[in-house]
1. Can you pull out the residues in segment 84-120 that are in contact (Cβ under 8 Å) with a residue 40 or more places away in the chain, crowded, with 18+ Cβ neighbours inside 10 Å and not in a helix (DSSP H, G or I)?
2. Among all residue pairs at least 6 apart or on different chains, which show Cβ distances below 9 Å where the first residue, located in segment 121-137, is farther than 17 Å from residue 378 by Cα and the second is not in a helix (DSSP H, G or I)?
3. Quickly run through segment 343-402 and pick out the residues that are under 19 Å from residue 316 (Cβ atoms), buried (at least 24 other Cβ atoms within 10 Å of the Cβ) and away from the ligand (no atom under 14 Å from the Cβ).
4. Yes or no: segment 240-250 includes at least one residue that is out of contact with any helix residue (DSSP H, G or I) (no Cβ under 8 Å at 6 or more places or on another chain), within 16 Å of the ligand (Cβ to nearest atom), part of a helix (DSSP H, G or I) and touching a residue at least 12 places away in the same chain (Cβ under 8 Å).
5. Tell me the residue from 131, 124 that is farther than 29 Å from residue 221 by Cα and in contact with a strand residue (DSSP E or B) (Cβ under 7 Å, 6 or more places away or on another chain), please.
6. How many residues, within segment 215-237, are assigned to a helix (DSSP H, G or I), in contact with a helix residue (DSSP H, G or I) (Cβ under 6 Å, 6 or more places away or on another chain) and within 14 Å of the ligand (Cβ to nearest atom)?
7. Cβ-Cβ under 6 Å, sequence separation 6+ or interchain: first residue in segment 212-239 and under 23 Å from residue 167 (Cβ atoms) and in contact (Cβ under 8 Å) with a residue 40 or more places away in the chain, partner assigned to a helix (DSSP H, G or I) and more than 16 Å from the ligand (Cβ to nearest atom). Which pairs?
8. Among the numbered conditions (1) within 16 Å of the ligand (Cβ to nearest atom); (2) more than 25 Å from residue 209 (Cβ to Cβ), tell me where residue 134 comes up short.
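Readers should treat all values here as calculations from the given coordinates under stated rules, not as data from a laboratory. Just so it is clear, the model here is predicted, and its values are computed rather than measured. Using ideal geometry, Cβ is built from the backbone for each residue, glycine included, and neighbour counts are taken over all protein chains shown.
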Ligand code: 8QM
């Protein structure tokens, strides 16, 4: 039997996943989409969607049928011009994808991270001491989740201090650009050229200091592992993907603890749980909520087919709370094994910086757990809306020092 390719044969949903209401709280839509079926047709964007763990994970692994080369946003690069030259990693398929991936994977590998570990732990202690020294109520987003990666990561890449205030605004524009041309995308448009020019200028050989990740990417070009033309784009990937993601991953972790005091006590009793805690927070909140793929043929999924050339919206956040895969999925629980979550993606594109992110989280949480007896919300939290990210503007917390 041949699978039908007609959208009319599918469960449909008329919601706008990028509307302010859904971005404020996507969980009800995620549940509707999971319950509707393995494949749902989104009328608003004339596109297909996966929200169950099984389909999301299978599609992420099957890069042949579900391609990234036409872009991983709503825009289809076969028909629309990308807003910037496509990423050599994120928006490419094998074989083009592979050499840049290999280079970045090595630059961000265990040897490099081992060199950073001691310094990052010491810097986390300094940062946490400064935060606690300023009082026992503060904004955990600004004072911890933004401050730590914004210092550590650009230093590790090797860009100068000047202009770093552009990193988060650039990320906001870039992550909005994966979604539709809505108000959020329009908001970034006036700043786009300036931010892009600044970011690109940080990717040249001369802008990058010393022995950072950036210089190591250029060294790979000197060895011939990638071409000199590819090097600045690989540096650009690092600066595009490595800032907002960790900021909101750390924010998610701090929010999770501030609202689950029992879990904080567990971390305090066993600081070795810091890494599990971060992964559990990435599962629970899914800082990167969505990515698209493009079908390279009529792909059969169950008893329907996604037609050749069409975009599929993959709801990573919905998959990460799919009760078909997770017990008590809405609980932030350090006793579960969160491995297998799709918050870092899965398969050949799975986050190449995930070990960097985990090291940042481990350093920050270890410093915090040693110094803070209690952490709780001190006022209303505020989300920051973005077409791709589940992000925060503010998480006011009150801490009690240990
Ligand atoms: C998202 O530019 C890039 O290569 C890139 C940008 C954003 C990401 C990944 C790669 C997933 C964090």
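1. 87, 88, 89, 90, 97, 108, listed by residue number.
2. 128/372
3. Hits for segment 343-402 are 361, 392.
4. Yes, segment 240-250 contains at least one residue that is out of contact with any helix residue (DSSP H, G or I) (no Cβ under 8 Å at 6 or more places or on another chain), within 16 Å of the ligand (Cβ to nearest atom), part of a helix (DSSP H, G or I) and touching a residue at least 12 places away in the same chain (Cβ under 8 Å).
5. The match here is 131.
6. Residues flagged as assigned to a helix (DSSP H, G or I), in contact with a helix residue (DSSP H, G or I) (Cβ under 6 Å, 6 or more places away or on another chain) and within 14 Å of the ligand (Cβ to nearest atom) within segment 215-237 amount to 4.
7. 212/156; 213/156
8. Failing condition for residue 134: (1).
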